[in-house]
Amino acid sequence: MGKLKESALDTRAIRQDFPVLDQEVHGKRLVYLDNASTSQKPRPVVEKMNEYLNLYTANVHRSIYQLGERATEAYEGARDKIQAFLNVRAREEVIYTSGTTEAINAVAYSWGMKGGLQEGDEIVSTVMEHHSNTIPWYFLQDKLGVVLKWVDIHDDGTLKMEDYDELITSRTKLVTVTQCSNVLGTINPVAEIAKRAHEAGALCLVDAAQSAPHMPVDAQAIDADFLAVSGHKMLGPTGIGVLCGREDILEEMEPFMGGGEMIREVHLGWARWNDLPWKFEAGTPNIMGAIGLGAAVDYLEGLDMHLVREHEKALTAYALERLAGIEGLRVYGPTDVSQRAGVVPFLLEGVHPHDIASILDSEGIAVRAGHHCAQPLMDRLDVPATTRASFYLYNTAEEADRLAEALKRVKEVFRL
Amino acid sequence: MSYEMYQEVILDHYQNPRNKGDLDPADIWAREDNPLCGDEIALYLKLNDASVVEDVKFQGQGCAISQASASMLTVKLKGKTLEEVLAIDEDAVLQTLGIPISHARLTCALLPLSALRIGLETYQEDGA
């Protein structure tokens, strides 16, 4: 108990970089298991952002003085790091956004709304998408009469791949899918899905918000037309993320927002857009956030994403095993950890998910309870809500033990 | 803090809810939910000729705090005059619960009161 047979990561050393983990909550050592919601930030990320704030705060691109050049270099340098991290073809294809939500909304608006989608055009999604990959398409449904279709899941939480055979038609314009479910942890075969979309002449959007922080993501191997990522789930700050898009498609697309930075020239009555990627980056960007995300990428690459994934795989397998021993507890999602990330949702018979989360909080354990911004999936699973534990690179087997023990405590409190 | 929320009386009302069921017809009734956590409460009140709560029932599902709060509210409502019912406020509900409620769980604790208020509003609007 309490030890992984082989740990791919030196969590003891890693935890030194995360001061937030070294504290007590309600008199108990903090166990942070809400990583699918947001991740903690290591010292080097915070320091890098402080460095910008303390030593070279300036606007980017237009400042002809040393601080501005330094800021631009760091801001654009971070873009190169992210490009390499996700193996995107070119830096022009990496657009800063405030996060995955803005990235997907940008596609829905620029490509969908302004790009001439028409009534009867179809978008194929899945029942396991986060609201951020659902609601933007509702806008197109409601405004343009675009038809949405949903790929279902098997009972084990994996996608019914055969549904694509029927749902993708000659009217399909976009196939949108998450690479990793934020509720079930399911890792979807996105390269295969992108291939099927392309065979039908449709585009493919991959929501990589839950995958990029936890496993190697190779944008070129996936070959999606759009790929969206959030910085704050991968050790970076909130308010920064990227939309990666195929250059020829981005060239065709109208900008999402207008303002400074996204223009080449402006005159009374007309303007010309800037080159990629800046065409989609109106206004003073989140410079500190981008620099922080660059530092987060450095940190993750320093650990090696393959090892991060190995660690989480072993930890998830361990956690699933520990939870399986608790009577009345039902865990959702794939049992095979090669198809699952470290996201573990569960229900305990006789106790509402919010009550579980409250009692776990008393034990110093931070988990999420609710619908996890995936209400259609809750409907599909026929549950009002779940409690969700989600792991990251700094979590340990001892913490999985703490979770299992605390869940037994929940049962005691409720006399179950 | 959280353990203090799950005192004997709360668990008792959660696991053995009082006045759970339907009331048809009801003079005052309303349904309120919190889609964030899936809590649902439907509240039914029957008044007698003197505008005193003669019977009260609730239906619902959700967390221990919301369901216990509903059960305890129904106990409190029985025998009250309409005027007294109208005077029930958040403090009164929290006092009846008698436990420290964390900020995050306040919505759960007050959901039954929200339902009651909606019901009262409709009742008064209908000019009854």
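Kindly provide the set of residues from the range A:1-28 that are modelled with pLDDT of 95 or more, under 29 Å from A:Cys373 (Cβ atoms) and not polar (S, T, N, Q), ordered by number. Scanning the range A:1-28 gives A:Leu9, A:Ile14, A:Arg15, A:Asp17, A:Phe18, A:Pro19, A:Val20, A:Leu21, A:Val25, A:Lys28.
Quick one: would you say B:Ile10 is touching a residue at least 40 places away in the same chain (Cβ under 8 Å), within 14 Å of chain A (Cβ to nearest Cβ) and of a type in the set (Val, Ile, Thr)? Here the answer is yes, as B:Ile10 does meet what is asked.
Of the numbered criteria (1) under 28 Å from A:Gly27 (Cα atoms); (2) part of a loop (DSSP other than H, G, I, E, B), the one A:Glu321 fails is (2).
Checking the stated criteria, A:Thr72 turns out to be modelled with pLDDT of 95 or more, over 13 Å from A:Gly292 (Cα atoms) and in contact with a His (Cβ under 8 Å, 6 or more places away or on another chain).
Note on the range A:309-359: residues that are free of Cβ contacts under 8 Å to residues at least 40 places away in the same chain and within 14 Å of chain B (Cβ to nearest Cβ) amount to 5. Go through the residues of the range A:359-380 one by one and say whether even a single one is at pLDDT 95 or above, farther than 30 Å from A:Arg70 by Cβ and in contact with a Gly (Cβ under 6 Å, 6 or more places away or on another chain). Checked against the condition, which is being at pLDDT 95 or above, farther than 30 Å from A:Arg70 by Cβ and in contact with a Gly (Cβ under 6 Å, 6 or more places away or on another chain), the range A:359-380 yields no hits at all.
The residue of the range A:29-69 that is least open to solvent (accessible area, probe 1.4 Å), among those that are of a type in the set (Lys, Arg) and at pLDDT 95 or above, is A:Lys41. Of the residues examined, A:Thr284 is one that is hydroxyl-bearing (Ser, Thr, Tyr) and either buried (at least 19 other Cβ atoms within 10 Å of the Cβ) or more than 28 Å from A:Ala8 (Cα to Cα) (or both).
In the set (1) within 14 Å of chain A (Cβ to nearest Cβ); (2) free of Cβ contacts under 8 Å to residues at least 40 places away in the same chain, the condition left unmet by B:Ile41 is number (2). Restricted to the range B:30-128, the set of helices (runs of 4 or more DSSP H) holding at least 2 residues that are open to solvent by less than 30 Å² (accessible area, probe 1.4 Å) and out of contact with any strand residue (DSSP E or B) (no Cβ under 7 Å at 6 or more places or on another chain) comprises B:64-77, B:90-97, B:106-125. Among the conditions (1) within 14 Å of chain A (Cβ to nearest Cβ); (2) over 27 Å from A:Ile359 (Cα atoms), the only one that B:Gln61 does not satisfy is (2).
Go through (1) open to solvent by less than 10 Å² (accessible area, probe 1.4 Å); (2) more than 16 Å from the chain's Cα centre (by Cα); (3) in contact (Cβ under 8 Å) with a residue 60 or more places away in the chain for A:Ala221 and report which single condition fails. It fails just one condition, (1).
Considering the range A:360-374, and only residues there that are crowded, with 24+ Cβ neighbours inside 10 Å and within 11 Å of A:Leu407 (Cα to Cα), the residue that is farthest from the other protein chains (Cβ to nearest Cβ) turns out to be A:Ile365. Taking the range A:252-271 as the range and being surrounded by 11 or more Cβ atoms within 10 Å (Cβ to Cβ) and either basic (Lys, Arg) or outside any strand (DSSP E or B) (or both) as the test, the residues that pass are A:Glu252, A:Met253, A:Glu254, A:Pro255, A:Phe256, A:Met257, A:Gly258, A:Gly259, A:Gly260, A:Glu261, A:Met262, A:Arg264.
The condition (being surrounded by 23 or more Cβ atoms within 10 Å (Cβ to Cβ), modelled with pLDDT of 95 or more and farther than 12 Å from A:Thr126 by Cβ) is satisfied by just one residue among A:Ala200, A:Ala209, A:Ala191: A:Ala209. Looking across A:Ala296, A:Ala282, one residue alone is more than 19 Å from A:Leu250 (Cα to Cα) and touching a residue at least 24 places away in the same chain (Cβ under 8 Å). It is A:Ala296. Only one of B:Leu77, B:Leu47, B:Leu36 is over 13 Å from the mean Cα position of the chain (by Cα) and free of Cβ contacts under 8 Å to residues at least 60 places away in the same chain; which? The unique qualifying residue is B:Leu47. Restricting attention to the range A:389-407, does a residue exist that is among the basic types (Lys, Arg) and under 22 Å from the mean Cα position of the chain (by Cα)? Within the range A:389-407, not a single residue is among the basic types (Lys, Arg) and under 22 Å from the mean Cα position of the chain (by Cα).
Results for (1) at pLDDT 95 or above; (2) at negative phi; (3) open to solvent by 40 Å² or more (accessible area, probe 1.4 Å); (4) over 17 Å from the mean Cα position of the chain (by Cα), shown as yes or no for each residue.
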position: A:Asp298; (1), (2), (3), (4): yes, yes, yes, yes
position: A:Asp304; (1), (2), (3), (4): yes, no, yes, yes
position: A:His311; (1), (2), (3), (4): yes, yes, no, yes
position: A:Ala314; (1), (2), (3), (4): yes, yes, no, yes
position: A:Tyr318; (1), (2), (3), (4): yes, yes, no, yes
position: A:Ala324; (1), (2), (3), (4): yes, yes, yes, yes
position: A:Gly333; (1), (2), (3), (4): yes, no, no, yes
position: A:Arg340; (1), (2), (3), (4): yes, yes, no, no
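A:Val88 fulfils the conditions (1) touching a strand residue (DSSP E or B) at 6+ places or on another chain (Cβ under 9 Å); (2) open to solvent by 50 Å² or more (accessible area, probe 1.4 Å) except for a single criterion, (2). Listed here are the strands (runs of 3 or more DSSP E) enclosed by the range A:151-247 that have at least 1 residues being farther than 29 Å from A:Ala290 by Cβ: A:172-178.
Please tell me if B:Leu77 is away from chain A (no Cβ under 13 Å) and hydrophobic (A, V, I, L, M, F, W, C). Criteria met by B:Leu77.
The values are calculated or read from the model by the stated rules, or taken from the named source; none is laboratory data. This one's a predicted model, so the numbers in the text were calculated from it and none came from an experiment. Cβ: placed from backbone, ideal geometry, glycine included. Neighbour counts: every protein chain shown. Areas reflect the complete protein model, heavy atoms only, side chains present, ligands, DNA and RNA absent. Shrake-Rupley method; radii C 1.70, N 1.55, O 1.52, S 1.80 Å.
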